[in-house]
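Structure, as structure tokens:
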Amino acid sequence: MDDATSSHSSCELCSGLSDEEHAYQKYGWEENNTYLPGAASQLKVVRDLRPSDSRKLQLQQCPKCGTYYLYRTDYEYLVNGSEDEEHLTRLTLE
């Protein structure tokens with residue numbers, strides 16, 4: 001394992017992220033909405049794996065320690081409002 005990957009636990013940014021993070025928002029039910037931790041917004045997009053798709057699939061990287069993450073979104077459009085999901089997964093060599 002390289003140093004960048006093994007150092008995520010001591011990284012000031014990555015230590016604020018779990019191996020798996022999930023967020024869910026539903027229009028009209030704001031009191032039940034969840035969001036990704038603030039540290040997730042500091043990750044940098046390395047590659048957009050679906051550049052023309054409205055559902056995101058991105059390889060992201062921590063600018064401090066180099067740890068990679070897979071970021072994906074999904075949504076369902078409903079007449080009474082949309083349901084949006086975000087998923088962030090820390091990638092390992094395994």
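No lab work stands behind these numbers, since they all come straight from the coordinates. Quick caveat: nothing in here was measured; it's all calculated off a predicted structure. Cβ placement follows ideal geometry from the backbone for every residue including glycine, while neighbour counts extend to all protein chains displayed.
Brief remarks follow.
- Wholly enclosed strands (runs of 3 or more DSSP E) of segment 12-94 bearing at least 1 residues among the hydroxyl-bearing types (Ser, Thr, Tyr) and either surrounded by fewer than 15 Cβ atoms within 10 Å (Cβ to Cβ) or in contact (Cβ under 8 Å) with a residue 60 or more places away in the chain (or both): 20-26, 68-76, 83-90
- For the condition within 17 Å of ARG90 (Cβ to Cβ) and out of contact with any Ser or Thr (no Cβ under 9 Å at 6 or more places or on another chain), GLN61 does not qualify.
- Considering segment 6-63, and only residues there that are under 13 Å from the mean Cα position of the chain (by Cα) and of a type in the set (Phe, Trp, Tyr), the residue that is farthest from TYR75 (Cα to Cα) turns out to be TYR35.
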